[in-house]
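Enquirer: Next up is a structure, given as C-alpha cells.
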Amino acid sequence: METPRIRPAARSDIDAVLRFWREAAEGTSISDDAEGLTRLLARDPGALLLAEREGRVAGTVIAGFDGWRCHLYRLAVAPAYRRQGIARALLAAAEARFAALGGRRGDAMVLRDNARAQHAWRAAGYGPEEHWRRWVKPLA
C-alpha cells in the first residue's frame, strides 16, 4: 500500500476539508465552517494535518496544542481509504508534532456511540478515562 502524504493544511484546502468532513466524518461540530477553519489555521498553522492519496484528501486530524495539553479532533478517513493505515499515519504525525512541542499526553474526542472510531483509537493505544466527563457551553 502506498504511504499517504501527510502535510499541514493551508487556507486553500478549507473548502476541500469541509467537503471531506461531510463525506467522511461522523457528526458535525459548531466549528465546521470556513470561518472556524480559517481561525484555526491563523492561530496554529500546523494543527490541521491532511493525508493525501491520488491528489485528494484521504484523511484528517486536528492536533491542537495549547501549551498544556495535546488535543486530537476530527480524525477521519474517507470510506474508500479505510483500513489502509491512513489513520495510523495521521496519528503518528500528530504525536510527533506534540512531542516536538513538548506535549506529554494526547487526548481525543470520540463519540460515545461511534464503535468504529472507538476501535481505531484503541488500536492506536488510546483508551477512555471514564472518570472524566466533558462539559460544554456554546459561546455564540
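The values are calculated or read from the model by the stated rules, or taken from the named source; none is laboratory data. In this text, all values refer to a predicted model and were calculated from it rather than measured experimentally. Cβ placement follows ideal geometry from the backbone for every residue including glycine, while neighbour counts extend to all protein chains displayed. We work out accessible area using only protein heavy atoms, side chains counted, and drop any ligands, DNA or RNA first. Shrake-Rupley method; radii C 1.70, N 1.55, O 1.52, S 1.80 Å.
Enquirer: Any chance you could run the full-extension gain for A123 through T38? It's 0.36 nm times the residue separation minus the Cα-Cα distance, nm to one decimal.
Expert: Value of the extension gain: 27.4 nm.
Enquirer: Further, regarding this structure: Would you mind checking which residues have amide H under 5 Å from R74's amide H? H placed 1.01 Å from N; only 5 or more apart, or other chain.
Expert: I62
Enquirer: Here's a follow-up. Based on DSSP H runs of at least 4 residues, each adding -39500 (n - 2.57), what is the mean residue ellipticity at 222 nm of the chain after dividing by all its residues, to the nearest 500 deg cm²/dmol?
Expert: -10000 deg cm²/dmol
Enquirer: Among residues other than L111 whose Cβ falls under 15 Å from its Cβ, what is the net charge (Lys/Arg +1, Asp/Glu -1)? List each step's numbers first, then the result.
Expert: Working: positive: R74, R112, R116, R122, R133, R134; negative: E26, D32, D107, D113.
After counting each charged neighbour, the total is +2.
Enquirer: Sorted by packing (mean other beta-carbon atoms within 10 Å per residue), highest first, where do 97-110, 79-92 land?
Expert: Per-residue mean Cβ counts within 10 Å order the peptides as 79-92, 97-110.
Enquirer: In the chain, with Lys and Arg counted as +1 and Asp and Glu as -1 at Cβ, which of these residues, G85, G46, G27, has the Cα nearest the positive end of the dipole, that is, farthest along it?
Expert: The Cα lying farthest towards the positive end belongs to G85.
Enquirer: Considering only the other residues whose Cβ falls under 14 Å of the Cβ of T3, what net charge follows from Lys and Arg at +1 and Asp and Glu at -1?
Expert: Local charge sum for T3: +1.
Enquirer: Moving on. Each label point is 7 Å from the Cα along the Cα-to-Cβ direction; what then is the distance between the points at A16 and A100, in nm?
Expert: 2.0 nm
Enquirer: Quantify, in whole percent, the carbon and sulfur part of the accessible surface of segment 40-119 (1.4 Å probe; protein heavy atoms only).
Expert: Exposed carbon and sulfur together represent 52 percent of the surface.
Enquirer: Segment 13-112: percent of C-alpha pairs farther apart than 21 Å?
Expert: Tail of P(r) above 21 Å: 29 percent of Cα pairs.
Enquirer: Placing +1 at every Lys and Arg Cβ and -1 at every Asp and Glu Cβ, with all other atoms neutral, what dipole size does the chain have around its Cα centre, in debye to the nearest 20?
Expert: Rounded to the nearest 20 debye, it is 240 debye.
Enquirer: Please name whichever of W121, A63, G36 sits farthest to the positive end of the charge dipole of the chain, dipole taken about the Cα centre and charges placed at Cβ: Lys and Arg +1, Asp and Glu -1.
Expert: Working it through, the farthest residue towards the positive pole turns out to be W121.
Enquirer: Two decimals, Cα atoms only, Kirkwood Rh: what is Rg/Rh over segment 60-140?
Expert: Here Rg/Rh amounts to 0.97.
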